[in-house]
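This report concerns only the one structure given below.
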Amino acid sequence: MTEEASLGSEAEVVNTAAKVGLLLRGNWTLRSEVYYVAHKDRPDTEHFIKARNAVMRAFSESPVLRREEIRQNAPELARMSQLDLQSIIEQFAFKERDTSAEQPSAQIWRMKVPDDDMMQSDYPEIASKISHGGDLFPAAECAADSKQTVSTAHGRVGIAPKKVVSAQVQQLLVDMLDQAGRWMSLDEIHLKLEQQAQANTDLQEEVEELCTTKEGVEEALLMVTVLLHGVYVLKAVPPTLSRSKADSQDVYWDVLISAFSKSKVTKRTEINKVCQSMIGENEIPQTTYNKFIKRFAVNKGSNWTFRSTMSWK
């Protein structure tokens, strides 16, 4: 049997590929349920599936988009942080300067590969699924044994952990790290969480179960933190620094996470470059910058050095 015969006809190959993939502008990409299949039982997976679908829908309309055009008419992206959204967009596109814009720092996202018009015309029923509304990718059509995991370019895990962790325990972790006065390692958090279990009778059973292994604690932490240079930093602005939930400044917090993920030592000019790249702004507003930077780093001359476990109090 020849290799061509063993693979089957083109139609058979395409039909098999369509069980786990879709055509985006004529190029194959994994269905979102397949991309996240290793995490199908995790509480936030559905949100990331819908967000990835929304990004694909946007690029099905145009191979070049601004960030605001990707978010436009996509309520699935409303809760998505800048870093998590960027991690999804980077699967399909690269960023470059928008030469048509007046603002020099303006950026656009361009698809990584050119359109394949022939594939789109030959298999319109597959290509059209991305632009349809509703449940685009029924899980029943996906290969159950497909294994894929995802993380962002900055080491930030973009999906929820295996354990189902209640909102109350998530908030407990946030408050614990916010009030600790410094970022902590996994061992330190594990120990402190065990102490919290004794003090909080309402959550004692759930927290004790979580603390049976370090892996369980780490999985829960990844719902609300980022692992940065050996310590866990809150994903969102800490409650004691946030004026209100309605006045979210998480985009600027994301900028600092991204800047310090590249290096433990950085400068304001480098942070400004990250800010321009991520959100199209020249810099973090001064008041916000002064407030946030102290949680991340200590000033040494013209450099900002990541605190690791050094206290900010």
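Read-outs throughout are calculated quantities, based only on the coordinates presented, and are distinct from any laboratory measurement. Values in this document were obtained by computation on a predicted structure and should not be read as measured data. Cβ placement follows ideal geometry from the backbone for every residue including glycine, while neighbour counts extend to all protein chains displayed.
Averaging sequence separations of C-alpha pairs under 8 Å and six or more residues apart, then dividing by the length of segment 236-313, give the relative contact order as a whole percent.
Rounded, it is 26 percent for segment 236-313.
Of Val233, Ala220, Ala167, which is farthest along the charge dipole of segment 161-233 in the positive direction, counting Lys and Arg as +1 and Asp and Glu as -1 at C-beta?
Checking the options against the dipole of segment 161-233, the answer is Val233.
Given a cut-off of 21 Å, name the pairs among Lys264/Lys294; Lys267/Lys294; Lys19/Lys112; Lys267/Lys300 whose C-alpha atoms lie farther apart than that in the structure shown.
Over 21 Å apart, Cα to Cα: Lys19/Lys112.
Whole-Hz Karplus ³J(HN,Hα) for segment 213-226, in order, using 6.51 cos²θ - 1.76 cosθ + 1.60 and θ = phi - 60°, x for Gly and Pro?
Per-residue couplings from phi come out as 9, 5, 4, x, 5, 5, 4, 5, 4, 5, 6, 10, 9, 10 Hz.
Please state the relative contact order of segment 161-233 as a whole percent: Cα pairs under 8 Å, 6+ residues apart?
Relative contact order comes out at 42 percent.
Amide H of Ala93: which non-local residues (sequence gap of 5 or more, or other chain) have their own amide H closer than 5 Å, using H built in the peptide plane?
Lys112
To make sure I understand, if each residue's beta carbon is the centre and we count other beta carbons within 10 Å, what order do Phe296, Phe260 fall in, fewest to most?
Phe296, Phe260
Read phi for every residue in segment 65-81 and hand back ³J(HN,Hα) as whole Hz from Karplus 6.51 cos²θ - 1.76 cosθ + 1.60, θ = phi - 60°, with x for Gly and Pro.
9, 8, 4, 5, 6, 5, 6, 4, 6, 10, x, 4, 9, 4, 8, 7, 5
With 10 angstrom as the radius, rank Asp187, Asp98 by how many other C-beta atoms surround their C-beta, starting from the fewest.
Fewest-to-most ranking of Asp187, Asp98: Asp187, Asp98.
How large is the charge dipole for segment 216-313, taken about the Cα centre, if only the Cβ atoms of Lys, Arg (+1) and Asp, Glu (-1) carry charge, to the nearest 20 debye?
That gives a dipole near 460 debye.
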